[in-house]
1. Condition test on A:M1, is it in contact with a Pro (Cβ under 7 Å, 6 or more places away or on another chain) and away from chain C (no Cβ under 14 Å)?
2. Residues in the stretch A:166-175: is at least one modelled with pLDDT under 90 and touching an Asp or Glu at 6+ places or on another chain (Cβ under 7 Å)?
3. What do you reckon, is A:E231 touching a strand residue (DSSP E or B) at 6+ places or on another chain (Cβ under 8 Å), among the acidic types (D, E) and within 12 Å of chain C (Cβ to nearest Cβ)?
4. Scan the stretch C:7-48 for residues that are within 13 Å of another protein chain (Cβ to nearest Cβ), surrounded by fewer than 17 Cβ atoms within 10 Å (Cβ to Cβ) and small (G, A, S) and jot them down.
5. Which of the residues that make up the stretch C:234-247 are facing another protein chain (nearest Cβ under 9 Å) and touching a strand residue (DSSP E or B) at 6+ places or on another chain (Cβ under 8 Å)?
6. Filter the stretch B:241-271 down to the residues that are without any contact (Cβ under 8 Å) to a residue 24 or more places away in the chain and of a type in the set (F, W, Y) and list them by number.
7. Can you confirm whether the stretch B:1-15 contains a residue that is more than 14 Å from every other protein chain (Cβ to nearest Cβ) and in contact (Cβ under 8 Å) with a residue 24 or more places away in the chain?
8. Please determine, by comparing only the residues of the stretch C:113-166 that are hydrophobic (A, V, I, L, M, F, W, C) and surrounded by fewer than 19 Cβ atoms within 10 Å (Cβ to Cβ), which one is farthest from the other protein chains (Cβ to nearest Cβ).
Amino acid sequence: MNIITVKNLVKKFGSFTANDNLNFEVRKGEIFGFLGANGAGKTTAIRILCGLSTPTSGEISVAGYNVYTQTEELKKNIGYMSQKFSLYEDLTIYENIELYGGIYGLGLKKIKHRTTELLSNLKMYELKDTLIGKLPLGWKQKLAFSVAMLHEPAIVFLDEPTGGVDPVTRRQFWDLIYEASNSGVTIFVTTHYMDEAEYCDRVTIMNNGIIEALDTPNNLKEKYSAKNMNEVFIKIARPNITH
Amino acid sequence: MKKFLSFIKKEFLHIFRDVRTLIIIFGIPIAEILIFGFAINTDIKDARIAILDLSKDATTQQITNKLLSSGYFMLETHLQTSDQIEEIFRAGRVKEVIVFEQNFAKRLEAEGKADIQLILDASEPNTANILQGYTSNIIYTYVNELNNLLPQNIVINSTVRMQYNPGMKSVFMFVPGTMAIILILISALMTSVTITREKELGTMEVLLVSPLHPTHIILGKVTPYLVLSFINVISILGLAYFVFGLPIKGNLFLLIAECLLFIFLSLSLGILISTVSKTMQQAMLISMIGLMMPSMLLSGFIFPVENMPDILYYISFAMPPRWFIEIVKDIMIKGSGLQMVWEETLILIGMTLFFIAMSIRKFKIRL
Amino acid sequence: MITVSNISKQYESVKALTNISFSINDNEIFGLIGPDGAGKTTFMRLLTTMLLPDNGLIEANGFNTVSDYKKVRNIIGYMPGRFSLYQDLTVEENLNFFASVFNTTIEQNYDLIANIYKQIEPFKNRVAGKLSGGMKQKLALSCALIHKPEILVLDEPTTGVDAVSRMEFWQMLKRLKMKGITIIVSTPYMDEASLCDRVALIQNGQILKIDTPENIIKSYPKYLIAVNAKNKYKLIHDLRKYKNSSSVFAFGSSVHVTFKNNNTDIDELKNFLISEGNVEIDINIAQPDIEDCFMELMKAEKNE
């Protein structure tokens with residue numbers, strides 16, 4: 001079952017085509033890696049899928065909603081987390097969760113219940129009255145991910161969620177992603193860590209506004225006769241460089 | 001030196017590439033002057049006045065004639081008692097009442113001085129102020145003429161009473177006031193913002209690591225704004241003088257020198273702000289709220305300092321624009337020379353030195 | 001030669017660096033590798049005389065970074081982490097400006113930056129704000145090199161940059177090294193460690209290890225295996241349940257596992273996984289990489 005379908009997505013800014021006829025589907029519960037060089041058009045596409053930007057043309061549906069007309073419903077059914085904006089530094093953990101719960105219209109009872117569940121899962125319950133600013137980066141990112149899942153969205157968009165995080169915490173973060181995916185949540189993730197591309201069920205690689213490749217990491221490695229995703233990526237993004 | 005010049009060139013490029021900055025720098029001063037300027041009614045002719053002559057002697061008659069022949073005034077009526085003053089104002093028949101005290105000529109002869117009272121309808125403050133200016137001027141000229149003839153100097157004290165709007169804001173106030181605000185805005189706010197912008201971009205680190213001396217960095221940042229502020233001073237004065245006919249009675253060079261002093265002061269304040277703020281936002285907040293607001297409210301620009309509660313009155317002493325506005329008023333309107341404004345000037349110089357010293361102490365050659 | 005002796009630096013209550021000592025040889029590419037907050041930027045700021053140490057001494061080519069800071073500034077090229085040039089100036093204007101600030105011209109040191117600058121020269125009249133990430137990075141590097149520094153300090157030049165531009169950037173660094181420049185570079189990407197001559201692994205203001213990447217990998221103390229199975233999520237769970245497993249982490253295409261004692265029987269593990277219901281199991285002995293080493297060192301640090 002497809003939770004995201006994108007048909008002939010085109011997005012132009014004046015004469016510049018940021019997304020040139022994209023076609024892909026994302027299946028429910030899969031970890032979908034969205035890779036590409038800086039400026040390849042990833043951010044533009046994510047903004048469209050999240051209902052923040054209207055495409056120039058194309059048929060796009062996300063979690064069953066139309067990105068042209070049903071952006072409000074769409075936003076209620078997705079979660080979003082990026083490296084740049086995670087949580088309010090000057091609020092405590094609980095206050096942040098309460099805030100996001102409130103934004104998504106959860107009742108106070110539900111917020112309390114979800115907070116307990118979420119924080120005990122992260123083994124951070126005792127810290128619930130700590131200011132976010134006092135937490136190490138890795139913890140913040142894990143927490144931000146859980147908060148993005150607070151309203152039990154069908155899809156979570158993660159924009160470079162692990163940038164600058166230490167290797168152990170990075171893996172703990174991926175444990176959370178696996179867990180969410182296992183419970184049926186679809187994960188749409190971008191990253192510059194090529195080893196993380198290997199953790200995805202399927203990976204797309206964008207270049208110059210088009211999708212150059214879409215397959216499982218193993219199939220891609222086979223197809224490009226590469227020993228890891230890093231090589232695949234380099235072969236796609238700079239086909240003229242020989243190794 | 002070449003380093004320094006290329007730094008200044010870079011600063012100008014920043015300014016000219018950013019349309020918004022240009023608008024702030026050149027648009028706002030001109031807009032402000034025009035808005036204030038057109039609020040003034042400069043064309044006053046045949047204003048109706050009443051005269052209450054309690055002396056009725058030759059001198060008062062002469063002064064009355066001088067006033068009425070000036071073309072600015074038209075006599076509505078002669079009043080008989082002071083009770084009628086209130087009444088005639090209420091009826092809206094006159095803009096000004098001139099009261100000669102009893103035994104005017106006799107006192108002038110015996111004591112060498114006499115009093116005239118000018119009562120004005122200040123519900124139209126601009127008109128009132130101009131009328132008062134004309135009246136005082138005519139009386140002053142008359143006294144001068146007399147003094148040239150007489151062996152001993154005489155004085156006529158004219159006391160002015162503003163009816164209906166006693167804390168009247170003077171139109172002459174707005175030029176010095178606007179000038180002070182604009183100079184603070186451009187010099188202090190813009191400098192502090194451009195220096196902190198380098199901190200935010202991370203370019204400040206590179207500049208500090210370079211052989212460029214920190215003083216060069218600061219001077220390079222400040223020089224363009226010195227030039228721009230100066231251009232603004234000239235254009236404000238030009239607009240005020242040529243378009244709106246405000247007088248510049250004192251020495252123009254003294255006036256410009258005082259303006260330069262105030263620009264230096266504002267620039268040093270800007271540098272000081274930039275040394276204590278880490279981000280552009282912080283610099284803007286400090287400049288806007290910490291500097292602009294008190295400058296406008298406590299300098300006498302909007303509210304006369306004399307009417308302030310004691311605490312605010314004393315706080316206003318610490319506001320550089322307060323002194324600057326006073327200096328400019330004195331030079332432009334009263335025609336004072338340096339001997340009249342040296343105290344205020346010294347205060348400004350002192351403040352400038354203080355801010356520069358503080359900035360030097362605070363400016364770090366490191367992060 | 002850069003010598004660092006007993007350097008400590010604290011910001012309010014946070015210890016950024018705790019008593020670190022090491023040296024960096026002439027003409028090597030020295031990597032500072034560690035996550036955000038490890039102390040990499042603090043070290044670079046101390047070295048570039050931007051900060052004063054609380055304790056200790058750094059000498060760069062014989063000059064003390066505190067007392068001789070002016071001389072140090074003359075021999076160092078520095079590219080700060082968030083360095084983003086003047087967005088409203090063109091490529092050429094940026095470069096000319098930095099050249100004149102350092103008392104030189106583009107022409108004088110052209111041979112040093114030629115390789116890099118040629119790639120951005122077609123865009124020399126474009127304002128820096130409109131350049132792509134990779135181009136910006138090249139311009140920033142050109143600006144840092146314009147005065148022919150003896151030591152080049154690059155604070156996370158590749159963070160947030162895609163894998164291809166990263167690779168090109170490292171190729172540029174290799175070429176600069178051949179021109180005799182000592183390069184100190186920090187990165188959060190562990191895979192870039194292998195591109196350095198020597199690396200320091202840093203965590204929480206302390207140096208976990210300093211050595212060549214090869215030696216660090218050689219000294220990896222544990223027996224490491226890579227496991228694969230159809231359902232990776234289940235596989236990780238089951239491996240963690242296994243009585244003898246010590247660390248279990250997804251690693252590239254497989255799962256890396258270390259053990260509490262090093263003579264674990266692979267067959268026994270395989271049988272355990274089969275009994276838990278895993279299919280398509282594949283177990284191999286794995287070659288550790290820097291990231292494995294880093295994680296192991298982090299663990300050792302914690303246990304101390």
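The values are calculated or read from the model by the stated rules, or taken from the named source; none is laboratory data. A quick note: this is a predicted structure, and the numbers were derived from the prediction, not measured. In this analysis, Cβ positions are derived from the backbone assuming ideal geometry, glycine residues included, and neighbour counts consider all displayed protein chains.
1. The answer is no for A:M1.
2. Scanning the stretch A:166-175, I find at least one residue that is modelled with pLDDT under 90 and touching an Asp or Glu at 6+ places or on another chain (Cβ under 7 Å), so the answer is yes.
3. So A:E231 fails the test.
4. Of everything in the stretch C:7-48, just one residue is within 13 Å of another protein chain (Cβ to nearest Cβ), surrounded by fewer than 17 Cβ atoms within 10 Å (Cβ to Cβ) and small (G, A, S), namely C:S13.
5. Across the stretch C:234-247, the qualifying residues are C:I236, C:S247.
6. Selection gives B:Y241, B:F242, B:F253.
7. No, the stretch B:1-15 contains no residue that is more than 14 Å from every other protein chain (Cβ to nearest Cβ) and in contact (Cβ under 8 Å) with a residue 24 or more places away in the chain.
8. C:A114
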